[in-house]
Every structure is written in C-alpha cells, then in structure tokens.
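Before any comments, here is the structure.
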DNA sequence: GTTAGCACTCTCATCGATAGAGTGCTAATC
DNA sequence: GATTAGCACTCTATCGATGAGAGTGCTAAC
C-alpha cells in the first residue's frame, strides 16, 4: 500500500515543506530531485498520499501540506537526522562550561542553548525533590550576642539554615540540649513526614511548653516552609515570531499566555516524562493552545531519579532531525556536567 | 499661554484616547463633556495644542493623538489618580499573604499581581547583595563516614554550605584545625574581598600544601561561586497582545526579545532606580525597542538599601493614574511584608 | 505505468470607487 | 473679540472587480 516510492515522495514533500513553509507542488518535487518521474506522476502519487491521510490540501489549487499523520510517519520511519555541527558543539561547550557551578544556571543556560540552536521555544523543567530526604540532625551555631543559627542537615548533605534571635536570658547552651532531644526524636524521619503536629508534640511533651519550645517550633517550621519546588526555565519565546504559521497574532498570544503559567507547563511536560525521548505532533497534544505545535521532549535522569525535563516547542513544521540531534547531544553532555557537579559538591 | 481651558481639553483628549485607543475628534469632546463649547471651538483649541506640541495628528482628516510631550504634561500636572478598588486590594492581600514565607515567591507574586491589575507587562527586579557581608567563620559538621559539611557563616547570619568528601585517612578532626586557622585569617573580611589568590595564599602558606589544603580550597571556592545574583521576574507579557498599538507583530517581537535578556532589563531598570517613582514616556526612554512604550517604575528600599525595583511596561497610552495607585499600594504593602519576613527570619 | 497538454479552480495583489470621519476656513452671531 | 454654524476639502478604510499565477485533475497519447 505504502510502497517505497510513495514513502520517498512523502519524505521529500515533508522536508520541502519544513524548509519552505509553503504548500509543496508536484512540479517542485519532480524538478528538484532526480526521481525520474514527471510532475504528473508525482501528482498522482500525491493524490494517493492525500487519500491515505498523510497529506492535506489547503485548497484545490494549492500544493500539499503534511498532515499530523504524515509527520508521525516521517518522525517514526523516514526522518533523516541532521547532525549537530562543530560550531554548535563549541557553542554548547563554551556556554555550559562556565555555568557548571550551579544547577540553576546549568538549566537556565540549557534552555538558552536549546532555543538558540533549535530556533524555537525551549522549556526546561527541573525537579528538586527534597521531600524524600531524611532528617539527620539539627545543630546550633553561634552568630553574635543575641542571635544563633539553626542548621538542619539531611542524609543527602543538604543543610538548610535559619537565624534565631536568642530570647532574653537564653544562651546557646540551652539550645544545644534541645537539639539533642529533637535529634533523637526525628533522626531518620523523611522531611515530608515532619508535620506541624509532630513538631508540636515533641515541643509540648518534652519541653513542657517552656518559652524555648515556641522559638524552636517557629524556626523549624520556617525551615520546612523553605522547601524547594520545581522550577521552569523558558528560552527563545521570541523565536515563535519568525515562524510564518504564527503570523496570526491570536495563536501567538494563546501560546505565550499558556507559557506564563508554570503549573500548566509542568502538566504538559509531565505527560511524556516517563519515556526517554518523546515527540508529540500537533493534535496528538492534549492541551489546547499548542495543538498546532509539536514538542520534542527528553527526560534527564541521575541515578534513576528524574532530575529534569527539557523540551523544544515549535510549529509542527519543525526540523525534527536537527532538534533530536541537539537534544541527544545535550542529554549526554548534561549527564557529564551534572554528575561532575555532584562530584564537586562531594569533594 | 496654556490656560485652564486648554489644559482641561488636553486632559479630556488624553483620557479619551487612553480609554479608546482611537484618535480623538473635536466632536467627541464637545458632545461627551459639558464644556459649553461647540466642536468648532474645541477644534481651534486642538489646533493650538497641536502647535504647542502636546497633540499630534496621524493624518489631516483624523482626530488628535497625544504626543510624548502631552503625556508628560498630563502625568506631571493633569493626571487624576484612579483609586485602587476594594476587589483589587483583596486580590493583592490574598495572593501575597500565603507567599510571605519566601522572598522569591513574594517578588514573583508581585509581578503577577502587577501585570494582572495593570493589564500590562510587569517587571520585578530583586537585589540581593551578598558581597557586602563579612566573613565570620567556617565550621565543619559531620555527615557520614566519608563526607562532612562545610558551613560558612557571615555577620548577617547567612550560612552557605557544601558537602565535602573526606579524603582517605582524613577525619573530621583534621579539618577542625584547619577551620581555626582559616577563621583567624579571614574573620571580618568582606566576602567579595576573598579572592582566589587570597585563599590560595592561606592554603599554601599555612598548610604547606598538604593534600587537605586542596580539598578545602576547592570547597571554599565553590561556595564563593554560589554567590547569589540579582533576579528578574516578568509577568503578563501576553497582555501586550491586547493593546491595539501592538497589533503589528514586529513591535511585539522586538519587545519580547528584549525582555528575554535579563541583562538588558537590569540596565533599563537601573536608569530610574534612584528616585522613588519614575515615569518614562515613549521616546524619553533611551532603549530602542521600547521607545513607543511607557514605563512606571518604583524602587523599593529597606533600611535605605535598594531591595528591589518593580515596573509596569506598556503602551504610552497607559492608565497612568491606575498604575500609580497600584504601585503605591503595593509599595506600602510590600514594606510591611518584607519587614515581617525579616522579623520571622530573626526570631 | 507514465507523461504531455489543457481546462479548471482558487488565491492574492492591484485598482478604482465610495462612504465616513474629521478638519480648516469663512462668515455670521452673541 | 470670542464663539459658532456651515461647507468644502482631505485622507483612510472598505468593498468589489479584475487579472495574474500557481497547481491540480483529467484525458488521451505513448
């Protein structure tokens, strides 16, 4: 049914359309490529491909445009990967090399690179799950005559801290005793299991409601509240203006409004987070507003845990081959960088 | 020269134009308001106002449009403040109340509120100057058999930390000795004065290049590198699409591309940071790309130090009265919130 | 099965005419 | 002298008609 010739023609049409954004006519295919076929033959094949649902016609006297089904076939079977260039590799390395110190910066820069090279919108979502860490101990450190610092250490080595005003008459030593008791009670508890009530219990029961307990309670809860959340980085939103399919201002507005809602972005990215690399084409996407967009998405893991997801969002007419190559490279490169950050932090 | 009647007419024209975005004709002014003047008289006055440079005419048979000079006069002398509504106050309070725990969230939410109420783009820039803090001491905390935590405490009570892998044969105690020496050498030094060379010196001279010095050096420098930078929060960028003056896609693109560059935003906001509230109208702005925009900007200080700047960016046809009221309210409200955050962190 | 040729369809840009909005000027009026 | 009614004039935006251009679909020939 879909013989080699049809596949080849479909591929050429899609690639032509991807690079020109204009409906592709039979003449163009027959002249641009040495297929040994006249435009009339191509025309017949195109008509067949349309019947099969791989192509669409904006109107009777226009050329053909790939349908979502066509893109899907292309992405799954026909796509010719476009290699990442030396210049791009150099760009990535130079941009990321000096950012390698802080995770936030790495992701922010990744978003920038991704949008720059793909010439589309890039989305990077990080996942910093603190909730699974275990409480190890708290410790009080001196600051000055009237203030001390409370440090919370987890089994992961993450230490949060908060400054506490010493109540009149209290000294650092008083708090050290309290720390011992708290540590005995909470050591090994997952952070997300330390609820207000539990803290309250410990404070009330053990300290018999002394004035110190209130201070400690406030301090510890404010630590809890500083729990880190996911972050979303966007890049290249202005790129969308260069795409002819978005010359309609309404569509751009819809997309940008959507991108402003962090929560929505997280939902969108969550869909494909399980598989390694996921390509969503046009109406395959469940979210309104990006149904004439495609998204290429890769999830990044470290030690089996999801650390981040990055994605390229653009028109269905996207340079899939290129985007996939870039994502692949970035994936590998980030693997190296992120584990080295872990090393730095560990060494 | 500019008598009361002219001022009144100018005010009416500007307010009409702000609310309709259409060039204002003499008939509209004479009919909408009880000035006791015919359109012909208004026409003469409008002609005068144009000669004076306060109005402009898109073409001979169109109504008048305010010039930058006209807006300037309006903002400085004619503007009638539009009070913030109860609903808006409730919105602000409900949104900010639950965000009051973390500074980042406060600013992010402020940006959201500001764009929501002003129906324009909002920009919030924070300034977290860590460089002026003084080194107080470092301390090592146990983590597990092969890792320890290095904590850096400043006079401000901010404690940064990093996990260090114990080299073979080394124990926590070895490091405590090192900490003492470092603390003696650096105590009281401003953080930004602690350069690589200085650390290097201390390490080389004192530890005589033992293998421990390298570890410490790496760890300390990685702390230094985690220096916090300014942050920029944007809100409501999609609002710009609702403004008829930006139906031209090119202008929007220019503005959004600009907003993507954090550095550029910081430059733009820096201009008016000294004065309390600053309004920049159209071509008064030095940055290309926003020269047909206006910006209302307020700087927020705590104890005399600049903590943040927030701004509303929109078309010159902006509801200045409204925006100023909202900014005023937010300014006061944030004052309360931010000092309370300081209190929480201190108690 | 392939191809040349041709009629047909649809879009897009251009042009001209027209309606509408608003001004500027003049002469009359308060 | 200030204000106003009236009117000619200008400029824009809109609509329909027209024609060029691109591409198809079909038929008949190879």
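Observations on the structure shown:
- Residues of the range A:140-157 classified as crowded, with 19+ Cβ neighbours inside 10 Å and assigned to a loop (DSSP other than H, G, I, E, B), total: 1
- All positions within the range A:242-261 that are surrounded by fewer than 16 Cβ atoms within 10 Å (Cβ to Cβ) and either part of a loop (DSSP other than H, G, I, E, B) or more than 9 Å from every other protein chain (Cβ to nearest Cβ) (or both): A:244, A:245, A:247, A:248, A:261
- Qualifying residue in the range B:280-303 (condition: part of a helix (DSSP H, G or I) and surrounded by fewer than 17 Cβ atoms within 10 Å (Cβ to Cβ)): yes
- Any chance residue A:9 is in a helix (DSSP H, G or I), touching a residue at least 24 places away in the same chain (Cβ under 8 Å), touching a helix residue (DSSP H, G or I) at 6+ places or on another chain (Cβ under 8 Å) and under 14 Å from residue A:316 (Cβ atoms): no
Table: residues versus (1) more than 16 Å from DNA strand C (Cβ to nearest atom); (2) at pLDDT 95 or above; (3) outside the structural domain of residue B:283 (by TED's automatic domain parsing).
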position: B:41; (1), (2), (3): no, yes, yes
position: B:47; (1), (2), (3): no, yes, yes
position: B:72; (1), (2), (3): yes, yes, yes
position: B:103; (1), (2), (3): yes, no, no
position: B:109; (1), (2), (3): yes, no, no
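- Residue count for the range B:57-70, restricted to those that are touching a helix residue (DSSP H, G or I) at 6+ places or on another chain (Cβ under 7 Å) and more than 9 Å from DNA strand C (Cβ to nearest atom): 4
- Check on residue A:333, in a helix (DSSP H, G or I), modelled with pLDDT under 90, surrounded by fewer than 24 Cβ atoms within 10 Å (Cβ to Cβ) and touching a helix residue (DSSP H, G or I) at 6+ places or on another chain (Cβ under 9 Å): yes
- Condition met for residue B:199 (more than 9 Å from every other protein chain (Cβ to nearest Cβ), at pLDDT below 75, over 30 Å from the mean Cα position of the chain (by Cα) and more than 24 Å from residue A:139 (Cβ to Cβ)): yes
- Members of the range A:150-159 that are at pLDDT below 75 and in contact with a helix residue (DSSP H, G or I) (Cβ under 8 Å, 6 or more places away or on another chain): A:157
- Selected residue (criterion: farthest from the other protein chains (Cβ to nearest Cβ)) from residues of the range A:27-57 that are assigned to a loop (DSSP other than H, G, I, E, B) and within 10 Å of DNA strand D (Cβ to nearest atom): A:38
- Any chance residue B:25 is more than 21 Å from residue B:296 (Cβ to Cβ), at pLDDT 95 or above and within 13 Å of DNA strand C (Cβ to nearest atom): yes
- Screening the range B:262-279 for residues that are part of a helix (DSSP H, G or I) and surrounded by 19 or more Cβ atoms within 10 Å (Cβ to Cβ) and picking the one that is farthest from the other protein chains (Cβ to nearest Cβ) gives B:269.
- Within the range B:100-119, the set of residues being in contact with a helix residue (DSSP H, G or I) (Cβ under 7 Å, 6 or more places away or on another chain) and free of Cβ contacts under 8 Å to residues at least 40 places away in the same chain comprises just one member, B:109.
- Every pair of residues 6+ apart whose Cβ atoms lie under 7 Å, when the first sits in the range A:32-50 and is under 14 Å from residue A:14 (Cβ atoms) while the second is more than 6 Å from DNA strand C (Cβ to nearest atom) and outside any helix (DSSP H, G or I): A:46/A:55; A:46/A:64; A:49/A:55; A:50/A:56; A:50/A:57; A:50/A:64
- Complete set of residues in the range A:294-313 that are out of contact with any helix residue (DSSP H, G or I) (no Cβ under 7 Å at 6 or more places or on another chain) and touching a residue at least 12 places away in the same chain (Cβ under 8 Å): A:295, A:299, A:305, A:306, A:313
- Total residues in the range A:58-99 satisfying the condition of being free of Cβ contacts under 8 Å to residues at least 60 places away in the same chain, in a loop (DSSP other than H, G, I, E, B) and surrounded by fewer than 15 Cβ atoms within 10 Å (Cβ to Cβ): the figure is 7.
The values are calculated or read from the model by the stated rules, or taken from the named source; none is laboratory data. For clarity, every value in this text was computed on a predicted model and none was experimentally measured. Please note: Cβ atoms are built from the backbone with ideal geometry, for glycine as well, and neighbour counts cover all protein chains shown.
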